[in-house]
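This report concerns only the one structure given below.
The values are calculated or read from the model by the stated rules, or taken from the named source; none is laboratory data. Every value quoted in this text rests on a predicted model; they were computed, and no experiment measured them. Cβ: placed from backbone, ideal geometry, glycine included. Neighbour counts: every protein chain shown. What goes into the accessible areas is simple: the full protein's heavy atoms, side chains included, and nothing from ligands, DNA or RNA. Shrake-Rupley method; radii C 1.70, N 1.55, O 1.52, S 1.80 Å.
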Amino acid sequence: MRIWLDPNKLQVRGLMPQDVIQAIQQQSQQVTAGQVGAPPTPAGQSFQYTLNVNGRLDDARQFEDIIVRAATMAT
């Protein structure tokens, strides 16, 4: 995915490009969910599969919803 940043909008919001990069990396990851058939296994089991889970973001519409920074409300 190619992301174009507007320097003026970043400046108005007090953000740096690295803030956006970190938000994308944190909210769109591919992780190993685990393994099926990992030890300890019953005798005679001859397979082991690693399960990968796709990151939650896989199209442009989902990337539009990334939260880079949230404002906290004072009480």
- Query: What number of residues within segment 27-48 satisfy the criterion of being open to solvent by 80 Å² or more (accessible area, probe 1.4 Å) and touching a Gly at 6+ places or on another chain (Cβ under 8 Å)?
  - Reply: 4
- Note on the structure: Checked segment 24-72 for anything at pLDDT below 75 and touching a helix residue (DSSP H, G or I) at 6+ places or on another chain (Cβ under 9 Å); matches are Gly55, Arg56
- Task: Would you be able to tell me the number of residues in segment 1-21 that are surrounded by 10 or more Cβ atoms within 10 Å (Cβ to Cβ) and either farther than 16 Å from Val68 by Cβ or more than 23 Å from the chain's Cα centre (by Cα) (or both)?
- Result: 1
- Task: Check off (1) under 12 Å from the mean Cα position of the chain (by Cα); (2) aromatic (Phe, Trp, Tyr); (3) exposed (fewer than 10 other Cβ atoms within 10 Å of the Cβ) for Phe63 and give me the number that stays unchecked.
- Result: (3)
- Message: Going by what's in this entry, would Ile24 be described as surrounded by fewer than 10 Cβ atoms within 10 Å (Cβ to Cβ), within 30 Å of Trp4 (Cβ to Cβ) and in contact (Cβ under 8 Å) with a residue 12 or more places away in the chain?
- Response: no
